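The values are calculated or read from the model by the stated rules, or taken from the named source; none is laboratory data. Note that this is a predicted model, so its numbers are computed, not measured. Cβ placement follows ideal geometry from the backbone for every residue including glycine, while neighbour counts extend to all protein chains displayed.
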Amino acid sequence: MALSVLGIIGGSGIYDLPMDNARWEKITSPWGEPSDAVRRGEIDGLPVVFMPRHGRGHVQSPSSINYRANIDVLKRAGVTDLYSLSAVGSLHGDLPPGTFVLVDQFIDRTYSREKSFFGTGCVGHVAFSHPISPALQDIAEVALRAEGIAHARGGTCVVMEGPQFSTLAEAQLYRSWGARVIGMTAMPEAKLAREAEISYCTIAMVTDYDCWHEDHGSVDVAKVVTVLKANSGMATNLMARIARDFPREHPSCPAGSDSALDFAIMTVPDMRDPQLLAKLDAVAGRVLKG
């Protein structure tokens, strides 16, 4: 088995992570500029690679993030398992602000983002019915309990384009679909992680009730920022515990992320675009070189 390299993507309010022997490192990607350099280090001897999704100083909006470059850079850094920390709104009264949610499904409502590494010249289709690694969820759930953080496991996250928050009609629609939380950044991040054969798990951190709750009204950004600060402190402690307890050998993914590309590429070898293949060297090198 491969040795574990733990990747962590920090969402709103999380722009750095305490680690031993930490240093910022710029990794070049053929897919363009990532959100920022990565922060390499160790936690209790485990190699950790941290990426601030919005960049230090929160300079990237949900729609301007280069998700392909971010995932490609983490793959080049050797990441085998990836936790994604995301601020979300709650669509249910039993998930108040401050709750962490281990979602297991997504509804993708984004529309202006590049969503695949594959395309004309090398067509690929990966299975994505179960986007989250149950093995990573298990590890996170144990850590959440140990840290005493209010949490829930399971449920669907709607991913909207943003950067504006929902209309009341939209929030009511998503609630009627049975979705539990709503955010702006898990898509296409989770899809790209699957294409890169990286095990992936979202830890959604509730900051507000979106706009559906009659006792809370529209999203209050000032209140959201206050909850963000509290959540970021809990998230830092949580990730430190996850890293300390994380298997030193990469745990196989029950959702099939480790072998997602085994039969995914449809384009016959002699019709593949050499320029696209060169860009896929990190993401799909395992199958393209095989």
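Some points to look at:
- The one condition in (1) over 28 Å from Leu276 (Cα atoms); (2) assigned to a loop (DSSP other than H, G, I, E, B); (3) touching a Lys or Arg at 6+ places or on another chain (Cβ under 9 Å) that Ser86 fails to fulfil: (2)
- Applying a threshold of 9 Å to beta carbon distances and a minimum spacing of six or more residues, or different chains, the list of pairs starting in the range 270-290 at a residue that is under 15 Å from Ile198 (Cβ atoms) and ending at one that is at pLDDT below 95 and surrounded by 13 or more Cβ atoms within 10 Å (Cβ to Cβ) reads Leu280/Leu288.
- Whichever residue in the range 37-62 is under 13 Å from the mean Cα position of the chain (by Cα) and not hydrophobic (A, V, I, L, M, F, W, C) and, among such residues, is farthest from Thr236 (Cα to Cα): Pro62
- Tallying residues that are among the acidic types (Asp, Glu) and surrounded by fewer than 24 Cβ atoms within 10 Å (Cβ to Cβ) within the range 56-107 yields 2.
- Residue count for the range 91-128, restricted to those that are over 24 Å from Asn66 (Cα atoms) and part of a loop (DSSP other than H, G, I, E, B): 9
- Whichever residue in the range 63-89 is within 10 Å of Ala196 (Cβ to Cβ) and among the β-branched types (Val, Ile, Thr) and, among such residues, is farthest from the chain's Cα centre (by Cα): Val79
- All conditions but one from (1) in contact (Cβ under 8 Å) with a residue 60 or more places away in the chain; (2) surrounded by 19 or more Cβ atoms within 10 Å (Cβ to Cβ); (3) among the polar types (S, T, N, Q) apply to Ser35; the one that does not is (1).
- Given (1) more than 16 Å from the chain's Cα centre (by Cα); (2) surrounded by 16 or more Cβ atoms within 10 Å (Cβ to Cβ), number of the condition Ala135 does not satisfy: (1)
- Elements of type strands (runs of 3 or more DSSP E) contained in the range 153-241, each with 2 or more residues being farther than 30 Å from Gly45 by Cβ, modelled with pLDDT of 95 or more and of a type outside the set (A, V, I, L, M): 156-160
- Leading residue by the ranking (farthest from the chain's Cα centre (by Cα)) among those in the range 1-34 that are among the β-branched types (Val, Ile, Thr) and not in a loop (DSSP other than H, G, I, E, B): Ile8
- Whichever residue in the range 138-182 is among the hydroxyl-bearing types (Ser, Thr, Tyr) and buried (at least 16 other Cβ atoms within 10 Å of the Cβ) and, among such residues, is farthest from Cys253 (Cα to Cα): Ser166
- Whether a residue is in contact with a His (Cβ under 9 Å, 6 or more places away or on another chain) and touching a residue at least 40 places away in the same chain (Cβ under 8 Å) was assessed, and Ile242 does not pass this test.
- Odd one out for Pro251, checked against (1) modelled with pLDDT under 95; (2) crowded, with 23+ Cβ neighbours inside 10 Å: (2)
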